[in-house]
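The next block holds one structure in the form of structure tokens; read it before the comments.
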Amino acid sequence: MTACNTAIAQVDLTKVKPYGDTLNDGMVELAFTLPVPYGEEGSEAAKILAKKMGLDEPNVVYSKNMTDGYTFFVVYGKCQHTVDYTTIKVTKVEVDIMDRLECAQYIKDNIKREVVIVGASTGTDAHTVGIDAIMNMKGFHGHFGLERYEGINAINMGSQVPNEVLIQKAKEVNADAILVSQTVTQKDVHIANLTNMVELLEAEGLRDKVILVCGGPRISHELAQELGYDAGFGSHTYAEHVASFVLTEIVNRKMV
Amino acid sequence: MKSKLNLDPKVIDSARSCAARIAESMQEFIDRHTTVSTERTILRLLGVDGIDEVETPLPNVVVDQIKDAGGLPRGVAYWMGNAMIQTGKSPQEIAEEMAAGNLDITKLPLASAKEAEEKIMPTVLDALKKIRQQTEKRNQYLETIGEGRKPYLYVIVATGNIYEDVVQAQAAARQGADIIAVIRTTAQSLLDYVPYGPTTEGFGGTYATQENFRIMRKALDEVGEEVGRYIRLCNYSSGMCMPEIAAMGALERLDVMLNDALYGILFRDINMQRTLVDQYFSRVIIGYCDIIFNSGEDNYLTTDDAYEAAHTVLASQFINEQFAVLANVKEEQMGLGHAFEMDPDIENGFLYELSQAIMAKEIFPNANLKYMPPTKFMTGNIFKGQIQDALFNLIAVWSGQSLQLLGMLTEAIHTPHMHDRYLSIENAQYIFNNARDIGSEVEFKEGGIIQERAQFVLAEADKLLHVIEEEGLFSTIEQGKFGGVKRPRDGGKGLEGVCVKDDEYFNPFIPLMLGGAK
């Protein structure tokens, strides 16, 4: 009877590869369409492309004619590349998350006045789903929105709000924070719009007087900071994340 | 047919007659008013097209000049008819003269309204004939090459470039799609004019222009003949140019148009008086040319909770139905909207969705219901997304929906790629075929979850409708009872384009279209 080889290889975090069912097998699945006719040549093209992407032993497991001259492929392959996980640094919003009631208590203890937050989905963006999830009474997925927070006056201006109008409103109500939601990102329309917002605020001399936050499915904190925002929130963000950041910032910046 | 949900016909009748009274009371308001977009629509139907040197569409040039001169309450049909008498020119020539600054249409000698109407009538009848020819052409196609089975597979294209849209639309038709909707570019709904000519740039969609309609219609006719199935074309008769786009759709043979009496008010912040007047003419046109309209109740569930707000969807469907009745729209043309938007974590959520979908079909049995896919709880996990869409498809075939807007596994990530559309069509075809007759096979437990859910939603909708009747539709919207969105009566965009008609006002198209003018 041979000894059972039970040793499981240890992960080397300086050389990480995709994991299928065995460490370092590098297994990756891809799905894409090529503008080529369906057939063996097409599958070969998909394989060659996968190799160029750094996949060993590419395997076209499925292909299908989409229309004349277009073929869809599902491809598996083994990734040659590795990543050094130990040297990665990601910019994140660093704040202790407080729940809704803790936020209310924090306002009572540390701010001692009503906090005003205005928000909108700006520019041409017609999607309210993001700003509603954060601001509306009902919130999203069981997380109540800012309208339900005691001590916060949350003003949701809805969608397709020009940056100028949002800023005007912020001035009018003396807002502590402005929330900008961007859902449509086709052709990077959100970048131009977010940048324009910062420029307008600076021109008005307001940039330092408010906490400026953006959010959306394609927004990261890093991107937000690059564009001149105080924070950026991506998917899986709820009202408590935004509120915790804003309230902490108010205290840190002595805007109390 | 016996109700599987044990719905009380008395409650349905109560809700429906209540909605009818609400619509009728609004109709009195509508009949007293006209709008700049309604007037531009008349011009488009009279054949006025093209742009001036700064790219303002000629219908806008004409209406703006008349409005600035204070002549809008009389209506453009009068001014055009009068100008035809005084100048001997056609509406298009008159519009061109006005754009060139050579003619002040309100300063001509004045004929009587009767004379103006008589003068314009041949052009009106000619427009109606063109529209009827398009309707006949559709019927001819349906008789010769036929159509797909219901639920029709309905997909969107949204590249921003009409020529790229054609490639995607034809591919989708070959993959099995029955309806192609060309999504409009972001924010077109807020433009108070319709752009002109073919367009190749847009954000998240393609401009709705008459030339783009024509290009896509031709492409879909070609591919329809190739695959042996009539492919329907859908666009948006909504926003600030609601009736104008309906007229373009009638002239270019669109088959389906998104058109809702309340949507623009709630979700685009268009003034409610403006939208209600606009929707009437747009629906009269849609009714006349056999276009199926889609109402937008599904949107309530993206801003409000799909479980808690289900009755607002049903109440709004009743109202949209009754507005359509007043515009002489046939039941089969009513694509009343609803959606599969409950939080997937709700226990028995599938049962509630199924209950509500069957309820809609039982209450509006002859309507061609439009069923919208999950969007709010699509996460970017494309694998789970495909399952959510599968459940949605199962309910559609089970409950007998007509227009199935296919869910995309990549919803919430990007506008659909070519293979996303293929995967969603394959998903729907598999399920529709595999469960084709499930609806006629399965009955529900008396007093069970499914029956009680529908009974509850219907009762709540009936209650809400009675509240609306009591308080009036305008004030109900002001209070935020639909979609959780509040809109003031004099707020929003476009109110300056609404005016009260004078005694001599006439719109020659409305009576003829309502009478079905042969």
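Since every read-out is calculated from the coordinates, none of them should be taken as a lab result. Computed from a predicted model, the values in this text were never measured in an experiment. As a convention, Cβ positions derive from the backbone with ideal geometry for all residues, glycine included, and neighbour counts pool all protein chains shown.
Annotations
- Across the range B:365-376, rounded Karplus estimates of 3J(HN,Hα) from the backbone phi angles (6.51 cos²θ - 1.76 cosθ + 1.60, θ = phi - 60°) give x, 9, 6, 9, 5, 9, 10, 9, x, x, 9, 5 Hz, Gly and Pro being marked x.
- Near A:ASN153, the amide H atoms lying under 5 Å from its own belong to A:VAL115, A:VAL116, A:ILE117; only residues 5 or more places off or on other chains count, and H is placed 1.01 Å from N.
- Sorting B:ASP462, B:ASP68 from the fewest to the most surrounding beta carbons within 10 angstrom yields B:ASP68, B:ASP462.
- Mean per-residue shielding of peptide A:66-72 is 6, counting Cβ atoms of other chains within 10 Å of each Cβ.
- Relative to the longest principal axis of the Cα atoms of chain B, the long axis of helix B:36-45 lies at roughly 80 degrees.
- Database remark: amide H of A:ASP25 closer than 5 angstrom to the amide H of A:GLY20 (H placed geometrically; neighbours at sequence offset of 5 or more, or on other chains; Pro and chain starts carry no H).
- Once the Cα atoms are used to define both axes, helix A:189-203 deviates from the longest principal axis of chain A by about 30 degrees.
- Backbone amide hydrogens, once placed in the peptide plane, bring B:ALA339 within less than 5 Å of B:MET372, excluding anything fewer than 5 places away on its chain.
- Here the extension length gained between A:THR22 and A:LYS52 equals 8.5 nm, from 0.36 nm per residue of separation less the Cα-Cα distance.
- In sequence order, calculated HN-Hα J values of the range A:215-227 (Karplus, 6.51, -1.76, 1.60; Hz; x Gly/Pro): x, x, x, 9, 9, 10, 4, 4, 4, 4, 5, 4, 7
- Fewest-first ordering of B:GLU308, A:GLU94 by other beta carbons within 10 Å of each residue's beta carbon gives A:GLU94, B:GLU308.
- Bridge type composition, the protein assembly as shown - antiparallel percent by DSSP, nearest 5: 35
- Largest GNM mean-square fluctuation across A:PHE144, A:PHE245, A:PHE73, computed for chain A with C-alpha springs under 10 Å, falls on A:PHE73.
- Inter-site label distance for B:GLU441 and B:ASP31 at 7 Å from Cα along Cβ, in nm: 5.2
- Nearest 10 degrees, 0 to 90: helix B:382-399 Cα axis against chain B principal axis: 80
- Our estimate of slack between A:GLU40 and A:LYS171, defined as 0.36 nm per intervening residue step minus the Cα-Cα distance, is 40.8 nm.
- For the range B:146-161, 3J(HN,Hα) computed residue by residue from phi via the Karplus equation (6.51, -1.76, 1.60; θ = phi - 60°) reads x, 8, x, 7, 7, x, 4, 7, 10, 10, 10, 10, 7, 7, x, 10 Hz, glycine and proline entered as x.
- When each of B:MET26, A:MET137 is scored by the number of other beta-carbon atoms lying within 10 Å, the sequence from fewest to most is A:MET137, B:MET26.
- In a DSSP loop and with at most 12 other Cβ atoms within 10 Å, the trypsin sites (Lys or Arg not before Pro) in the range A:147-256 are A:LYS254.
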